[in-house]
Structure formats: C-alpha cells, structure tokens
Amino acid sequence: MMTSLLNVRDLEVSYPGKGLRAEPFRALKGVSLDIRPGETVGLVGESGSGKTTLGRAVLGLAPVTGGSIEYGGRDISHLNRRQRRELSSEIQVVFQDPYSSLNPALTIEQILAEPLTARGVAAKEARGGVRDLLDRVGLPADAARRLPREFSGGQRQRVAIARALALDPKLIVCDEPVSALDLSTQARVLDLFIEIQERTGVAYLFISHDLAVVRHISHRVAVMYRGELVETGDGDQVTARPEHPYTQRLFLAAPVPDPDAQAERRHTRRELAAAQAASEGATA
Ligand SMILES: Nc1ncnc2c1ncn2[C@@H]1O[C@H](COP(=O)(O)OP(=O)(O)O)[C@@H](O)[C@H]1O
Ligand SMILES: [Mg+2]
C-alpha cells in the first residue's frame, strides 16, 4: 500500500443521462487498481468497456461519483483547476491520435517549450530543454523548427511523448498510444516507451484494446469488462492462463496466424460465450 504511486479504490464514474428522465450511465463500477512507481499496468478490454473513462478519471476529466483516486497518498479525485494544473508535472497523458493532440499552428519547438515556460523556465533554457526532449524520443534537433504536419504518424507520436516528458512526470496515462500506427511503427514506439521507463522510472497506465501490445509492454495486466475489472495480475499469468471467462474469450478473439489454431479458438470461444451467457442468465 505505502509503495503505491496511484491507488484507485472502488471507483465509480457515472455520466449524466441524456433527456429529462434518463438514468445516469454508470461507466465504472467499483474499480480498484494500484500502480507502483516505475510500473506499467496494461488495461485491456473491448471497445466501450470503460478503459478511456478510467484514464480520464485519473486525469481529472471524468465525473467521479464514488470511491477515490489517491496519488502519493492524496485524494485527487475532486481537485480544482489550479490543483490540477500543479499536478500536471506529476501525471501526464499521451492520446491515441497524434494528429488532433498537437496544435497544427505551432512549431515542434513551441509545442515542447510551452510546458517549460509555463513553469517559469527562461526561453533560452527552454530551447535547450526542447533539444534534450527531441533527443530522448529519437527525433533530430532540426525537428524543432518544423510543424506537426511535416511528420509521419509515428514521429508525431514521438513529439506527443516528448511533450508528456517535458516536466518529468512520475505517471503517464497512455490511451491507445500506438493504435493508429502501422505495425512496424508500433513496435518501435513501444520500444521507446520501454526505454524511457528504464531511463526515468516513470510509471504507465497503458490502455489498449490490443492484447499483443499490452502483453509486450506490461508488468501487470488489468482486464475491464462492462465497467468492472474482472481480472488483474501478473502480465504473463493473465495472458497465458486467464482465469475469468471474459478474459479467456478476449484472448481467444486475438487473431493467430495458423488457420487450424484459429478455427479451434473460434470453437472454444463460442463454447465459453454460451457458458457465460448461461451463467449470467442464472444470476440475473
Ligand atoms: N462523455 C460521455 N457521456 C456519456 N457516456 C459516455 C461518455 N464517454 C463514454 N461514455 C460511455 O461510457 C462507456 C465506456 O466508454 P469508454 O470509457 O470510452 O470505453 P473504451 O475506452 O473502453 O472504449 C461507453 O458505453 C461509452 O458510450
Ligand atoms: Mg477508449
């Protein structure tokens, strides 16, 4: 407990219902999760299960209606704007889409210097900081003068990672950060995440619908299903021997190259789905 960086307890997030009599929508129900310093916790689950909502709750961007989120022992689930801004040097974010997350009108230097100058770093020092950041994410120094549109998707994501690193955060929420990239670029950007962690000791809440990605990068894996965590454990254990029927199905849905193995998996998946439907029917 004492060694956790982030401590999520019985978290509930409800989005207001639309229309007059609409019920609020409970997107997260009793979610508990710890992240230790320097650790990568992979968060998997199908689309709509609540992964982004959990990431946004950690960032103070989702309506927390119950439970708590502690960072370094302090409840951060209901901070005001000023307190949030202060916390932005500790907790940062990398989103899926590097096209919309970078201001197209600013040069890379302006984008990367902004968090530094906002903290009172002098312009000249900030320029040095930008060079250092570019180096840390494997971009050439002359990238500073260019605009986001002059870069490929992978390079743009490197800029977004550099921006997240500018203030030396202890935790980065990564929401599908490689999902928009082609496979070989994914692999290189994932390696960059790992290398940065080895060098800086930053922790990641690493959200992805892609099991191969999560398996590659995570120390521990948490599986989300309809707003609840159904399984949390050691990465190898959860991916090799999933215990919850939903996790088993999720893993069986991941494509494998061999068509026979694929057919076998499809069969097993159907059986599991039927068994799960039967048990849910029994408890409903
Ligand atoms: N701002 C919102 N208002 C209402 N419902 C939302 C909002 N954001 C997400 N939801 C709903 O919450 C559920 C979880 O969404 P999300 O966290 O985006 O899932 P994931 O990232 O796993 O795909 C979905 O049913 C989604 O429609
Ligand atoms: Mg999402």
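The values are calculated or read from the model by the stated rules, or taken from the named source; none is laboratory data. Since the structure is predicted, the reported quantities are computational estimates derived from the model, not experimental observations. Methodologically, a virtual Cβ is constructed for each residue, glycine included, from the backbone with ideal geometry; neighbour enumeration extends over all protein chains shown.
What to note about this one:
- Residues satisfying the stated conditions in the range 144-165, i.e. under 17 Å from S179 (Cα atoms) and part of a helix (DSSP H, G or I): G153, G154, Q155, R156, Q157, R158, V159, A160, I161
- Boolean, E195 is within 16 Å of ligand 1 (Cβ to nearest atom), among the charged types (D, E, K, R) and over 21 Å from E114 (Cβ atoms): no
- Checking each residue in the range 166-185 for being more than 12 Å from ligand 2 (Cβ to nearest atom) and part of a strand (DSSP E or B) picks out L171, I172.
- Within the range 32-65, the residues that satisfy the criterion of being away from ligand 2 (no atom under 13 Å from the Cβ) and either over 25 Å from E86 (Cβ atoms) or among the polar types (S, T, N, Q) (or both) are S32, T40, G42, T65.
- Qualifying residue in the range 222-231 (condition: touching a residue at least 24 places away in the same chain (Cβ under 8 Å), touching a His at 6+ places or on another chain (Cβ under 9 Å) and surrounded by 16 or more Cβ atoms within 10 Å (Cβ to Cβ)): yes
- A160 modelled with pLDDT of 95 or more, of a type in the set (G, A, S), within 23 Å of L190 (Cα to Cα) and over 23 Å from the mean Cα position of the chain (by Cα): no
- Residue match in the range 201-212 (condition: touching a strand residue (DSSP E or B) at 6+ places or on another chain (Cβ under 7 Å), more than 18 Å from G45 (Cβ to Cβ) and buried (at least 18 other Cβ atoms within 10 Å of the Cβ)): yes
- Failed condition for N103, given (1) closer than 25 Å to H209 by Cα; (2) part of a loop (DSSP other than H, G, I, E, B); (3) polar (S, T, N, Q); (4) touching a helix residue (DSSP H, G or I) at 6+ places or on another chain (Cβ under 8 Å): (1)
- Failed item, numbered, when R56 is tested on (1) out of contact with any His (no Cβ under 9 Å at 6 or more places or on another chain); (2) farther than 30 Å from F151 by Cα; (3) within 16 Å of ligand 1 (Cβ to nearest atom): (2)
- Unique match (being away from ligand 2 (no atom under 16 Å from the Cβ), aromatic (F, W, Y) and touching a Lys or Arg at 6+ places or on another chain (Cβ under 9 Å)) among Y99, Y15: Y99
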